[in-house]
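As structure tokens, the structure follows; a few thoughts come after it.
The values are calculated or read from the model by the stated rules, or taken from the named source; none is laboratory data. Please read all numbers here as calculations on a predicted model, not as lab measurements. For neighbour counting, all protein chains shown are included, and Cβ atoms are generated from backbone atoms with ideal geometry for every residue, glycine included.
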Amino acid sequence: MVRISVKFLHRNVLCSSTNRHSLRHNLPTCLPNFFVRGYAVELNRKSNSIKGGRGAKEETALATDVRLVRNIGIIAHIDAGKTTTTERMLFYSGYTKRIGNVDEGDTVMDYLPAERNRGITITSAAITFDWNNHRVNLIDTPGHADFTFEVIRSIRVLDGAVTVLDGVEGVEAQTEKVWHQAKNMGIPRIIFVNKMDREGAGFGRTVREVAGKLQAKTAVINIPMFKSEMVDRMTTAKLCGIIDIIEMKSIEWMPGTDGREFAVADLTGENLEEAKKARVSLVETLAELDEQMVETFLEVDDDHMAIAPKDIKAALRRCTLENRVVPVLSGASFRNIGVQPLLDAVIDYLPSPADRPSPIMRSSNAKIRDLPVAQANAGSALAFKVIHDNHTGKILVFVRVYSGTLTAYDKIFNTSSRTEERALQLSRMYADSSIKIDSIPEGHIGVISGTKEVRTGDTIIFETQGKKPSIPRDQLRTMQLLPIDIPSPVFFASIEPKTASDSKPLEIALETLLREDPSLKISVDEETGQTQLSGMGELHLEISRDRLINDLKVNAHVGKIQIAYKEGIDPRYSANKPTIFEYSRAVKNGIVSAKATISIRGVPEDLEFADEAFKQELSNSKALPESNYLTISPELELAHPKIDLKDIQLAIENGVSSGLFHGKKYGLPVNSVQVSIMDINIPPELDSAAPLAPALRFAVSAAMEEVPPDMKVLMEPVMDVTVIVDEEDIGSVMSDISSARSGRVYALDDDSASRPEEDDAEYIDPNLVYSPPDTTLHLSKHNIRKTLDKKLIKAKVPLNEMVGYLKFLRSMTQGRGSFIMAFDRYERVAKDRTESVWAKEFE
Ligand SMILES: Nc1nc2c(ncn2[C@@H]2O[C@H](COP(=O)(O)OP(=O)(O)OP(=O)(O)O)[C@@H](O)[C@H]2O)c(=O)[nH]1
């Protein structure tokens, strides 16, 4: 006998059956007049079992059958309602007992600094819940631009994404950016147009924007439903539910309830008429893309209404998985409207790991070919987030297993740190608790606790029982999954322990921070001994500082957050002759001298204009940190009778990098230079590569010394800025950017660069897509945003000119303007600005 307890109209309705499937099938009949989809089951957290209908067998299937898994993320512009929507998802799936409220600061998902002190749940990277007999792993993707790197990293482990849009604001710049990242990675997406209860919200307008701006082929599967209401003797329309275009039903939520109950009814009147238009469009869109839909359509004599919902769903699933269409839904999470259909859509249309192509593993050894994980015949997993649990003090490593089943106590080999350890404890994170598990099967997400070496972004290889890897083990151990280029950090702060005894704990805490977030960088100035923490943005460093002081409890002084300037060499500089440097050092067998002949030059910012020979030389060079290059003359023979070639190369690289740590004019790290080694004498009696590093460090330092001071330049981070303004503000904003902020405007409203041209066969004309009329907009008392009149100004602007820009922009545009920016590159500070920048930042 299987029993399931369903929360229904404030009552617990108990349905029983001897057969689990029959129970599921008959469930709606237990609840007359209501159409129950995605019903909530209660989780009894204490016993870690699910009360009611889900027996152990079913839980096992959920935990192992990869087709029942959805690894998804929510991507959205700040404030679109990502957290509000997620909180409802957790509540309706039965994993939280009440709905958290963003405005009252009691949500499970929020990760902002104020909530961070509460511990692990806030920073959870993935939260698991079950819906309609499927397991959903919701992977967190932060919205702030400082964390763009983290967004990219999270997107890589997603199989599908929900894009939440604000029905008033439409497609916003940040959304567009993340959308394209997800699209480029081939991740199927669905769209949820949220906040449809707000005045000025336009569903039809937003759908047209999705088609126009995102160039997505839309399939509207539900539309908002409104009811007329008299407010202050004026008729207004109030959102009350949605019209389901697949089932051709209305779904209405009672105002003021928690949204678990909803009434399903047949459509009538205007709602029916509009639904028919939407159904025709949906079927025709699918028939354009899916042959099976054409056949089904012919079978029902071209009657759009006669096609069974299951056939529409199947076609829509096929097309969504192939990224040919994007299902669009509507609702208002805050009013508890439309979230259950969204959850259903996650299950119905987004892929399971089995539907996704096998990712590629790439070796650090260029000679080894790329290997799709499916062909490796070995276990592989990606550590996509590492978190320090403040409560237990343990390091939790969130992994996505790509192949094989990771079992507790398995030996795991980390291909980045090249270390082996055991996966001592495995668990799965639920909304506010974790459950110990024995294994994490392929396609699933789970947590390994207590590892010593794993960092965010590392690849883990493990051997699966009875299988022999398809390539030799030493080669397999050089493979990495989805490596990510980490952009240069542009802000830094100095860090000092308060007392000598605080030094060791600080070192350990910094190591923890770096394991969690590889986009942070620690550098130690060898001359001054000062430690610097660098990051992507002010907020990024503020959060890291709070983690250090408040969470990891170190006793340290963190200096002011500053822009990370660099020192460079004017590319016009060319040394008359290379620097020859001789270095002697006492070693075991006596004194050895190493002689290095090197030259140094500045690399121009716009490499595309450099001469071909130089470009060719750089492409054969080793890229070092700080956009520097190391070119070793091809004639140079580095092989040594006693020392491994790899060790020699590594010592040279380390030596050159540390020689570039301090520029000779400004004392800043050196950026964008090429160091060429023409000759190097490695004494045969040397038996370790160690002395080579200081030799090279001094040689590079000496070469830098020889560059005349007027050829040494200050370099600054320059941002790629997109300012979104109304037409009437274009003139003032552009002139401010170019005159007051030393920026270069390079495009106006040219947000179409990544889109097909209008005469391209691929072009999606927003005027031709189906979108319901926005009947409520004329009732709005306020000015309605003219979305399509917004203009984008794109410019390259020095970062120091952007500090405090939002406030300035808001006042210049009466609050209408907004902007996003991302690091572009380091550029030389123009001569006329150098003095003022130096004075402002360093004096
Ligand atoms: N009227 C209305 N307000 C909503 C709705 N959904 C969210 N909000 C409000 O919008 C604001 C932002 O919501 P969040 O859920 O924090 O948005 P977010 O996308 O998670 O924002 P970040 O975490 O800052 O990226 C809050 O004040 C919410 O109460 C909705 O459906 N209707």
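Numbers below:
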{"quantity": "Options Ser701, Ser676, Ser735; residue that is buried (at least 17 other Cβ atoms within 10 Å of the Cβ), of a type in the set (S, T, N, Q) and in a helix (DSSP H, G or I)", "calculated": "Ser701"}
{"quantity": "Failed condition for Val210, given (1) away from the ligand (no atom under 14 Å from the Cβ); (2) at pLDDT below 90", "calculated": "(2)"}
{"quantity": "Residues of region 213-251 that turn out to be of a type in the set (S, T, N, Q) and at pLDDT 95 or above, as a count", "calculated": "3"}
{"quantity": "Looking only at region 587-608, and only at residues there that are part of a strand (DSSP E or B) and within 39 Å of the chain's Cα centre (by Cα), the one that is surrounded by the fewest Cβ atoms within 10 Å (Cβ to Cβ)", "calculated": "Arg601"}
{"quantity": "Region 643-658 residues that are more than 23 Å from Thr528 (Cα to Cα), paired with ones that are among the hydroxyl-bearing types (Ser, Thr, Tyr) and outside any helix (DSSP H, G or I) (beta carbon under 8 Å, 6 or more apart)", "calculated": "Ile643/Ser688; Asp647/Ser688"}
{"quantity": "Residue list for region 321-334, filter: buried (at least 24 other Cβ atoms within 10 Å of the Cβ) and touching a Gly at 6+ places or on another chain (Cβ under 8 Å)", "calculated": "Leu329, Ser330, Gly331, Ala332, Ser333"}
{"quantity": "Cβ-Cβ under 7 Å pairs, at least 6 apart or on other chains, region 445-466 side without any contact (Cβ under 8 Å) to a residue 60 or more places away in the chain, far side of a type in the set (S, T, N, Q) and assigned to a loop (DSSP other than H, G, I, E, B)", "calculated": "Glu453/Ser417"}
{"quantity": "Subset of region 321-338 that is out of contact with any helix residue (DSSP H, G or I) (no Cβ under 6 Å at 6 or more places or on another chain) and assigned to a loop (DSSP other than H, G, I, E, B) - its residue that is farthest from the ligand (Cβ to nearest atom)", "calculated": "Glu322"}
{"quantity": "Residue within region 578-600 that is touching a residue at least 40 places away in the same chain (Cβ under 8 Å) and among the aromatic types (Phe, Trp, Tyr) present", "calculated": "yes"}
{"quantity": "Candidate set from region 520-568 (those that are surrounded by fewer than 19 Cβ atoms within 10 Å (Cβ to Cβ), free of Cβ contacts under 8 Å to residues at least 60 places away in the same chain and among the charged types (D, E, K, R)); member that is farthest from Glu841 (Cα to Cα)", "calculated": "Lys553"}
{"quantity": "Filtered residue count, region 534-586, keeping only those that are farther than 24 Å from Met678 by Cβ and in a strand (DSSP E or B)", "calculated": "9"}
{"quantity": "Of residues in region 163-195 being in a loop (DSSP other than H, G, I, E, B) and away from the ligand (no atom under 15 Å from the Cβ), the one farthest from Ile347 (Cα to Cα)", "calculated": "Met185"}
{"quantity": "Out of Asp344, Asp311, sole residue that is under 29 Å from Arg98 (Cα atoms), of a type in the set (D, E, K, R) and touching a residue at least 12 places away in the same chain (Cβ under 8 Å)", "calculated": "Asp344"}
{"quantity": "Any hit, region 256-273, residues being of a type in the set (Lys, Arg) and part of a loop (DSSP other than H, G, I, E, B)", "calculated": "yes"}
{"quantity": "Filtered residues of region 79-119 (kept if aliphatic (A, V, I, L, M), surrounded by 15 or more Cβ atoms within 10 Å (Cβ to Cβ) and either part of a loop (DSSP other than H, G, I, E, B) or modelled with pLDDT under 85 (or both))", "calculated": "Ala80, Ile99, Val102, Val108, Met109, Leu112"}
{"quantity": "Flag for Thr464 being surrounded by fewer than 21 Cβ atoms within 10 Å (Cβ to Cβ), of a type in the set (S, T, N, Q) and farther than 23 Å from Gly73 by Cβ", "calculated": "yes"}
{"quantity": "Counted residues, region 216-258 - those being over 22 Å from Met293 (Cβ atoms), crowded, with 18+ Cβ neighbours inside 10 Å and polar (S, T, N, Q)", "calculated": "1"}
{"quantity": "Residues of region 489-517 satisfying the condition of being closer than 30 Å to Met719 by Cβ and in a strand (DSSP E or B)", "calculated": "Phe491, Phe492, Ala493, Ser494, Ile495, Glu496"}
{"quantity": "Subset of region 780-801 [of a type in the set (A, V, I, L, M), at pLDDT 90 or above and outside any helix (DSSP H, G or I)]", "calculated": "Ile793, Ala795, Val797"}
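Residue-wise test of (1) under 30 Å from Lys521 (Cβ atoms); (2) small (Gly, Ala, Ser); (3) crowded, with 19+ Cβ neighbours inside 10 Å.
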| residue | (1), (2), (3) |
| --- | --- |
| Asn377 | no, no, no |
| Ile412 | yes, no, yes |
| Ser416 | yes, yes, no |
| Leu424 | yes, no, no |
| Ile440 | no, no, yes |
| Ile445 | yes, no, yes |
| Asp458 | yes, no, yes |
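Table: residues versus (1) closer than 30 Å to Asp611 by Cα; (2) out of contact with any Cys (no Cβ under 9 Å at 6 or more places or on another chain); (3) β-branched (Val, Ile, Thr).
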{"position": "Leu548", "(1), (2), (3)": "no, yes, no"}
{"position": "Val554", "(1), (2), (3)": "no, yes, yes"}
{"position": "Gln562", "(1), (2), (3)": "no, yes, no"}
{"position": "Tyr565", "(1), (2), (3)": "yes, yes, no"}
